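Just below is one structure, and these are the notes that go with it.
The values are calculated or read from the model by the stated rules, or taken from the named source; none is laboratory data. In this text the structure is predicted, and so the values were computed from the model without any measurement. Cβ sites come from the backbone with ideal geometry, for glycine too, and all protein chains shown count toward neighbours. Surface areas here come from the heavy atoms of the whole protein model, side chains and all, with no ligands, DNA or RNA. Shrake-Rupley method; radii C 1.70, N 1.55, O 1.52, S 1.80 Å.
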Amino acid sequence: MTENSEKPSVFVALLVLLATFYNAALAVINAHVLDLNFTSVAVTEFAILLVLLLLIIQRGLYEEDLAPLIYLIITVLLAVYVSVINKQIYPDYIRNILIIFCFVTLGSWCSFSTINLVFKSASVLIFLVLLLEIFFVDQYGDLFYPAKYFANTRGVELFTVVDSKLFRNALGFEGRFTFGIIGHRSSSLFLEQVSLANFSGVMMIYLLTLWKRFSPFERLFYVSTITLILLTNDTRTMLIFALISFIGYFIYPLLPRFVSLLIMPFILLMGVLVFILKPDATGDNIPGRVVFTMRKFADLDWPTQLGFSAEIASSLGDSGYIYVVVIGTIFSLVLLWLFVGFYPACDTPEERRFIHSLSVFVFMNMMIGGTAVFSIKIAALLWLLAGHMRFPDRKASADNIKPTYARSQ
């Protein structure tokens, strides 16, 4: 496959970058203009998704869009069912799958030049702000004041023990794994450490999938950015994912689709083994998080699996699997597994690298990283790439969005 000569869509790139980094813009407003609240965040994200939906409606849906559309419709039906039996509206999981639907659909329209513009721009922005954070942390804190932003918009109390404007969860704690390069876990434009770690994982997927399309300078820049994130963010999960991705670059092209479908069961099996070997593991470490998820699985009764305990979903941010089951029933987990395993194409080496790395990233993250993989900050880039890799040879560009537009068949 070769890069087409289509001009990139600057509008699409800006829209995706806004979805990825809007919190940074709101944080600057919150720090220097006026205090914001959760409504400000919700309205901003709603507006972004509304623009995406209007674009999709304007362009129209085609046969190739049926898989994500059906996934979204079934999710809506399950959410209605869960809301009815709990006598309370639970829209959160609809939002999660709506994000997937919007960005895979958008990505399927995009030429490689647009995808490249998005990822290159995101990487440059992350790299530059990360340098600011590393070498001028006080100025970084003054500019964004992450602690105040998350206090005002998420209700995360300011950390009074340490006088810092950084997000309290990025400050780390005694005994936690660290390379010791900087005095906290880096966050860059995301303002919090978890999303920056996951951004490095999405960049690994992008890099290993499309490695042969990049110039030597691009490869050096992307690898350097990812390495800098790993060394300053102190992310254990993405260090493991980096090793898997390096090996996977050579192995994934040899593996058929059904291997992708085995990844989630394999990760769950590894979780069971960790639980057997270290049943008393606790705390913010990999064994502790895995055992926490496995204990929650053991506690799942049939009513909970069928959606009758949705009220506890908000307390399950550290266990992605259990969150999906509780908020959307066991069928939502099955649907996610099937969509990740069947939606991406799996014919060429690039496509096989993508589908297998996507499965590892999503399902390993849900075991260790909780629900962070569903955040629009990460999902926008991840599922945009997924949509593009469904039709990687497409000549059409998202620049051509208009009512009469029709895809080449």
> Residue by residue through segment 67-80, which ³J(HN,Hα) values in whole Hz follow from phi under the Karplus form 6.51 cos²θ - 1.76 cosθ + 1.60 (θ = phi - 60°), with glycine and proline marked x?
Replying inline: 4, x, 5, 4, 4, 5, 4, 4, 4, 4, 4, 5, 5, 5
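With r defined as the distance between the Cβ atoms of Leu243 and Leu300 and R0 fixed at 30 Å, what FRET efficiency is calculated, to the nearest 0.05? Write out the running numbers ahead of the final one.
Values: r = 31 Å, r/R0 = 1.04.
My answer for the efficiency is 0.45.
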> Residues with amide H under 5 Å of Ala345's amide H, sequence separation 5 or more or different chain, H placed in the peptide plane at 1.01 Å from N; which?
Replying inline: Arg390
> When the Karplus curve 6.51 cos²θ - 1.76 cosθ + 1.60 is applied with θ = phi - 60°, which whole-Hz ³J(HN,Hα) does each residue of segment 190-205 get, with x for Gly and Pro?
Replying inline: 7, 6, 9, 6, 5, 5, 5, 4, 5, 4, 4, x, 5, 5, 4, 4
> Per-residue ellipticity at 222 nm for the chain, helices alone: DSSP H runs ≥ 4 residues times -39500 (n - 2.57), over residue total, nearest 500 deg cm²/dmol?
Replying inline: -22000 deg cm²/dmol
> Which residues' amide hydrogens lie under 5 Å from the amide hydrogen of Arg185, considering only partners 5 or more residues apart or on another chain, with H built in the peptide plane?
Replying inline: Leu171, Gly172
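On average over all directions, what projected area in square nanometres does segment 237-396 have, based on the convex hull of its Cα atoms? Don't jump to the answer; show the numbers that get you there.
Values: hull surface 40.6 nm².
Convex hull of Cα atoms, orientation-averaged projection: 10.1 nm².
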> If you build a Gaussian network model of the chain, linking Cα atoms that sit under 10 Å apart, which residue out of Ser83, Ser357, Ser188 swings the most?
Replying inline: Ser83
> When the label point is put 7 Å from the Cα of Leu268 along its Cα-to-beta-carbon vector, which residues of segment 349-376 have a backbone N closer than 14 Å?
Replying inline: 363-364, 366-367
> Picking from Leu243, Leu131, Leu228, which is most flexible by a Gaussian network model of the chain using Cα springs under 10 Å?
Replying inline: Leu243
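Nothing charged except the Cβ atoms of Lys and Arg (+1) and of Asp and Glu (-1): what's the magnitude of the dipole of segment 276-393 about its Cα centre? Round to the nearest 20 debye. List each step's numbers first, then the result.
On the way: 8 positive and 10 negative charges, 26 e Å.
Magnitude of the dipole: close to 120 debye.
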>> Through the Karplus equation 6.51 cos²θ - 1.76 cosθ + 1.60, θ set to phi - 60°, convert the phi angles of segment 143-156 into ³J(HN,Hα) values in whole Hz; use x for Gly and Pro.
In response: 5, 9, 6, x, 4, 5, 4, 6, 5, 6, 9, 10, x, 7
> Whose amide H sits under 5 Å from the amide H of Thr329, counting only residues 5 or more places off or on another chain, with H placed in the peptide plane?
Replying inline: Gly307
> Considering only protein heavy atoms, what per residue accessible area in square angstrom results for segment 43-150 with a 1.4 angstrom probe?
Replying inline: 42
> Rg to Rh ratio, segment 63-153, alpha-carbon atoms and Kirkwood radius?
Replying inline: 1.17
> Say we join alpha carbon atoms closer than 10 Å with springs in a Gaussian network model of the chain; which of Leu300, Leu231, Leu34 then has the biggest fluctuation?
Replying inline: Leu34
>> Can you tell me the length gained on complete extension of the stretch Ile276 to Arg213, counting 0.36 nm per residue apart and subtracting the Cα distance?
In response: 18.3 nm
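What do you reckon, how do Trp109, Trp337 stack up by accessible area (1.4 Å probe), largest on top?
On the way: Trp109 5, Trp337 65 Å².
Greatest to least solvent exposure: Trp337, Trp109.
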> Carbon-plus-sulfur fraction of the accessible area of the chain, 1.4 Å probe, in percent?
Replying inline: 68
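Rounded to two decimals, what is the ratio between the C-alpha radius of gyration of segment 247-331 and 2.2 N^0.38 Å? Spell out each step's value before the answer.
Details: Rg = 15.1 Å, N = 85, 2.2 N^0.38 = 11.9 Å.
Against the compact-globule rule of thumb, the ratio is 1.27.
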> Contour minus end-to-end for Thr348 and Phe136, with contour as 0.36 nm per residue of separation and end-to-end as the Cα-Cα distance?
Replying inline: 71.9 nm
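Efficiency by 1/(1 + (r/R0)^6): what FRET value for Asp163 and Leu69, r their Cβ-Cβ distance, R0 = 51 Å, to the nearest 0.05? Kindly include the intermediate steps, with their values, before the conclusion.
On the way: r = 50 Å, r/R0 = 0.99.
My answer for the efficiency is 0.50.
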> Using the Cα gyration tensor of segment 1-104, with a ≥ b ≥ c the square roots of its eigenvalues, what is the shape: rounded (a/c below 1.5), prolate (a/b larger than b/c) or oblate (neither)?
Replying inline: oblate
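Please work out the average accessible area per residue across segment 229-365, using the 1.4 Å probe convention, and give it in Å².
Details: 5850 Å² over 137 residues.
Computed with neighbouring chains in place, this is 43 Å² per residue.
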